[in-house]
Amino acid sequence: MKLYNTLDGLVAENEGKFFALPEASWDEFINDDKLASKLNSLLKSLPPSDEAKRSTEERLKAPVGQQEIWASGVTYYNSKLGRQEESKDSGGGTFYEMVYNAKRPELFMKATGHRAVGHGAQVRIRKDSTWDVPEPELTLVITKSGKIVGYTVGNDMSSRSIEGENPLYLPQAKVYDGCAAVGPCILVTDEPLATDTTISLKIEREEKVVFENSIEISQIKRKFTDLVEYLYREYSFPHGSLLMTGTGIVPDHTFTLRSGDKISIEIQGIGTLENTVA
Ligand code: DO4
Ligand code: MG
């Protein structure tokens with residue numbers, strides 16, 4: 001089952017049919033350890049609706065309300081390698097090696113809900129950055145008690161020039177207006193995702209594909225539940241949270257994003273998040 005946040009209210013999709021849910025607040029609705037069974041029983045009494053489908057196509061919002069969006073770093077080997085390369089002149093390389101192998105994961109605050117954009121909106125690159133990439137990341141939807149109740153697609157926009165200059169500049173490389181996109185929906189499920197689930201990234205410029213790659217989530221070094229356990233250790237999330245799980249796709253040093261680029265991130269079973277660079 002998929003759940004959409006729209007200007008007309010919450011919409012669910014099941015087996016290709018769309019259902020307008022009774023009026024509910026997004027924050028309360030998703031912050032429920034029994035989200036999958038609640039949605040399942042609600043759908044039994046609702047008629048499918050073409051209007052609800054239209055809301056998901058024309059009036060979609062990001063699947064986030066008051067939740068904070070956090071991110072995990074260096075969870076894939078490719079991210080470790082790319083970052084060691086970009087920070088070799090600043091001597092930062094050893095820190096990426098250490099964090100990749102450490103028990104404690106790297107976790108950082110990425111955006112508040114109102115700073116994130118949804119499917120179809122524009123993401124930004126910083127004006128004081130010279131080297132920028134999207135980071136396509138499976139994103140966990142977690143309740144206040146720490147239960148993973150769903151998954152969405154995330155883009156952790158990143159300045160490689162700023163992070164590469166000095167890893168202590170990470171918050172500036174990662175957190176700025178238009179730095180995060182999530183959507184188009186939440187895949188609501190109690191089941192873990194299949195390990196061969198693929199994350200694909202495509203970047204188009206003037207209608208030509210200028211970068212394309214994909215990776216299986218089996219390549220991640222850490223367990224999702226461990227990431228959540230560390231995140232919730234000493235920090236409470238009354239509205240729940242979203243947690244990006246890190247990138248496994250890093251374009252080589254010759255690639256940087258430009259204004260007008262179209263970024264498409266597809267995760268099997270969830271959907272495709274499309275954004276253009278402002
Ligand atoms: O260590 C810096 C950030 C890493 C990151 O965002 C990622 O691996 O996805
Ligand atoms: Mg990232």
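What the table shows:
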{"quantity": "Farthest positive-ward along segment 2-58 dipole, Cα basis, beta-carbon charges - from P22, V11, L35", "calculated": "L35"}
{"quantity": "Alpha carbon convex hull of the chain, projected area averaged over orientations, nm²", "calculated": "13.8 nm²"}
{"quantity": "Translational diffusion of segment 234-278, µm² s⁻¹ [Kirkwood Rh, Cα pairs; Stokes-Einstein; 37 °C; 0.692 mPa s]", "calculated": "237 µm²/s"}
{"quantity": "Convex hull volume per residue in cubic angstrom - Cα atoms of segment 1-148", "calculated": "144 Å³"}
{"quantity": "Full-extension gain in nm, E57 to N78, via 0.36 nm per residue minus C-alpha separation", "calculated": "4.1 nm"}
{"quantity": "GluC sites (Glu not before Pro) restricted to DSSP loop in segment 1-85 with at most 12 other C-beta within 10 Å", "calculated": "E15, E23"}
{"quantity": "Estimated FRET transfer efficiency when R0 is 25 angstrom, pair A194-N40 (beta carbons, to 0.05)", "calculated": "0.80"}
{"quantity": "Globularity ratio of segment 135-185, using Cα Rg and 2.2 N^0.38 Å", "calculated": "1.37"}
{"quantity": "Approximate spin-label separation T276-V210, in nm, with each point projected 7 Å along Cα-to-Cβ", "calculated": "1.4 nm"}
{"quantity": "Estimated FRET transfer efficiency (K88, Q66; beta-carbon r; R0 45 Å; 0.05)", "calculated": "0.65"}
{"quantity": "Extension gain, D8 back to R258 (0.36 nm per residue minus Cα-Cα distance, nm)", "calculated": "86.7 nm"}
{"quantity": "Separation of the M98 and T225 label points, Cα + 7 Å toward Cβ, nm", "calculated": "3.0 nm"}
{"quantity": "Tilt relative to the chain, helix 35-44 - C-alpha long axis, 0 to 90 degrees, to 10", "calculated": "30 degrees"}
{"quantity": "V250, V209 arranged by Cβ crowding within 10 Å, fewest neighbours leading", "calculated": "V209, V250"}
{"quantity": "Summed side-chain charge close to E86 - residues other than E86 whose Cβ falls under 14 Å, Lys, Arg +1, Asp, Glu -1", "calculated": "-3"}
{"quantity": "Extension gain (nm, one decimal) between M109 and D177, 0.36 nm per residue minus Cα-Cα", "calculated": "23.1 nm"}
{"quantity": "Amide hydrogen neighbours beyond the local backbone of A62, cut-off 5 Å, H modeled", "calculated": "G118"}
{"quantity": "Separation of alpha-carbon centers, segment 231-274 and segment 151-179, rounded to whole Å", "calculated": "11 Å"}
{"quantity": "Longest exposed-site-free window of the chain, the sites being chymotrypsin sites (Phe, Trp or Tyr not before Pro) in a DSSP loop that have at most 15 other C-beta atoms within 10 Å", "calculated": "1-234"}
{"quantity": "Local net charge near E57, Cβ-Cβ under 14 Å (Lys/Arg +1, Asp/Glu -1)", "calculated": "-1"}
{"quantity": "Computed FRET value (nearest 0.05) for S145 with E15, which takes r as the C-beta separation and R₀ as 35 Å", "calculated": "0.75"}
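Where a number appears in this text, it was derived from the coordinates with a stated rule and is not lab data. The structure displayed is predicted, hence computed values, not measured ones. Cβ coordinates were reconstructed from backbone atoms using ideal geometry, including for glycine residues, and neighbour counts include every protein chain displayed.
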